[in-house]
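Quick note: the coordinates plus some simple rules give every number you see, no bench work behind them. Keep in mind the model is a prediction, meaning the values are calculated, not measured. Cβ sites come from the backbone with ideal geometry, for glycine too, and all protein chains shown count toward neighbours.
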């Protein structure tokens with residue numbers, strides 16, 4: 001990279017914390033309780049709505065797909081069962097350290113969060129990362145045809161920095177594709193290394209820089225130079 005970036009924007013899921021790690025056991029426990037009590041299967045709906053720290057919202061949303069009236073006591077009991085089976089919510093160690101380092105260096109940081117805004121706000125508070133980022137945009141609050149792209153445009157205004165001078169950190173191919181040509185550089189984090197044809201298609205994409213963790217990010221964006 002010829003010039004250091006002026007700001008860094010990152011996505012939340014699978015960059016800051018591993019969403020799937022928290023959801024599997026919790027949703028299985030919640031769905032089993034509802035199956036035993038009501039005889040219906042809400043596993044798929046729970047998986048869709050689940051956000052760590054907002055289990056009650058996920059249970060209510062899943063039940064509303066099948067019932068008009070919902071007992072709040074059942075929601076609370078099921079949410080408690082899910083919380084008991086979920087791992088402690090915490091960010092990836094490298095994410096916590098690297099973004100805290102960038103903040104300490106005075107680098108403007110932006111976080112884009114996808115999903116239902118209410119539950120995602122709870123998640124950000126649980127992860128205790130709201131003070132690390134200068135600006136947070138919840139794409140679920142936007143009503144355009146491409147809310148994620150709109151979130152990028154809003155972040156550009158908040159950071160007072162052109163997207164062409166920013167680095168984007170993401171974990172999903174669709175995010176990288178939508179940002180291609182809009183931001184200065186794209187770093188895609190592969191927490192699990194792709195294999196076979198996926199590796200050649202994803203890791204070798206010319207417009208995306210692959211990373212297996214975030215520790216090399218400060219040097220990759222030109223903000224530090226580690227000694228050889």
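Below are the figures for this structure:
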read-out: Helix-only mean residue ellipticity at 222 nm for the chain, each DSSP H run of n ≥ 4 adding -39500 (n - 2.57), per residue, nearest 500; value: -13500 deg cm²/dmol
read-out: Principal-axis tilt of helix 55-64 within the chain, Cα atoms, nearest 10 degrees; value: 60 degrees
read-out: Gap separating the Cα centres of segment 94-164 and segment 38-86, nearest whole Å; value: 27 Å
read-out: Kirkwood hydrodynamic radius over Cα pairs of segment 20-85, then Stokes diffusion coefficient at 20 °C and 1.002 mPa s, in µm²/s; value: 191 µm²/s
read-out: Additional length obtainable on full extension of the chain from residue 32 to residue 172, 0.36 nm per residue less Cα span; value: 47.4 nm
read-out: In nm, spacing of pseudo-spin labels at residue 190 and residue 141 (7 Å Cα→C-beta vector); value: 3.5 nm
read-out: Label point distance in nm, residue 130-residue 97, each placed 7 Å from Cα along Cα→Cβ; value: 2.7 nm
read-out: Residue 207/residue 153 FRET efficiency (R0 30 Å; Cβ-Cβ; nearest 0.05); value: 0.95
read-out: Cα pair distances exceeding 26 angstrom across the chain, given as percent; value: 42 percent
read-out: Rounded FRET efficiency, nearest 0.05, which uses the C-beta distance separating residue 215 from residue 65 and R0 of 35 Å; value: 0.25
read-out: Computed over the chain: relative contact order in percent, which uses C-alpha pairs under 8 Å that are six or more apart; value: 24 percent
